[in-house]
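Structure, as structure tokens:
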Amino acid sequence: MEEEEEEDRILLKKRMKGSGYPAAARLARALSDYEDRMRKILQEAENGDFSREHLKSENPEPAILYAEYAADFATQSMNYALLAALKAVDKQLSYEEKKGETTDE
């Protein structure tokens, strides 16, 4: 899983460099920044840095909390992706409808 994640990260960086759309490059950069922050937080959680009682690193509580929040963020990201896709479909349909109106005239 870690190898696949690293491959995805490399692919994202290539997309950032090759995108002709500034918004797409900004989104890719934001995702890269997010991933870097999440990776750092995961490392800290694995070390036990986020335990309320400052328990030893063997305690699973920080890693469990990290996993819960990561799942919540993933769900939120999927919802944003769905909303973006629906808006894109709506724009495409409006564009085609307008294009059809000008062709019919």
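The values are calculated or read from the model by the stated rules, or taken from the named source; none is laboratory data. Every value quoted in this text rests on a predicted model; they were computed, and no experiment measured them. No Cβ is skipped: glycine too gets one built from the backbone with ideal geometry, and neighbour counts run over all protein chains shown. In case anyone asks, the SASA skips ligands and DNA or RNA and just uses the protein heavy atoms, side chains included. Shrake-Rupley method; radii C 1.70, N 1.55, O 1.52, S 1.80 Å.
Ordered from largest to smallest accessible area (heavy atoms of protein chains, 1.4 Å probe), the residues Leu12, Leu42 come out as Leu42, Leu12.
Dipole size of the chain about its Cα centre, with +1 on Lys/Arg Cβ and -1 on Asp/Glu Cβ: approximately 600 debye, rounded to the nearest 20. Between the labelled values (i) 16, 53, 27, 5, 0; (ii) 13, 28, 27, 17, 9, 4, 2, 0; (iii) 13, 30, 22, 16, 12, 6, 1, the entry that holds P(r) over Cα pairs in 10 Å bins from 0, in percent as derived from this structure is (ii). Cross-link partners for Lys13 among the aspartates and glutamates, with Cα-Cα distance under 13 Å and sequence neighbours closer than 8 places in the same chain left out: Glu5, Asp33, Glu35, Asp36.
Figure note: Thr103, Thr75 ranked by solvent-accessible area, largest first, 1.4 Å probe, ligands and nucleic acids not counted: Thr103, Thr75. Accessible surface of Ser77, taken over heavy atoms with a 1.4 Å probe and every protein chain present, rounds to 60 Å². Here the Gaussian network model covers the chain, with springs between Cα atoms less than 10 Å apart; of Tyr21, Tyr80, Tyr66, Tyr21 fluctuates the most.
Note on exposure: Met38, Met78, Met1 ranked by accessible area (1.4 Å probe, complete protein assembly) read Met1, Met78, Met38, with the most exposed listed first.
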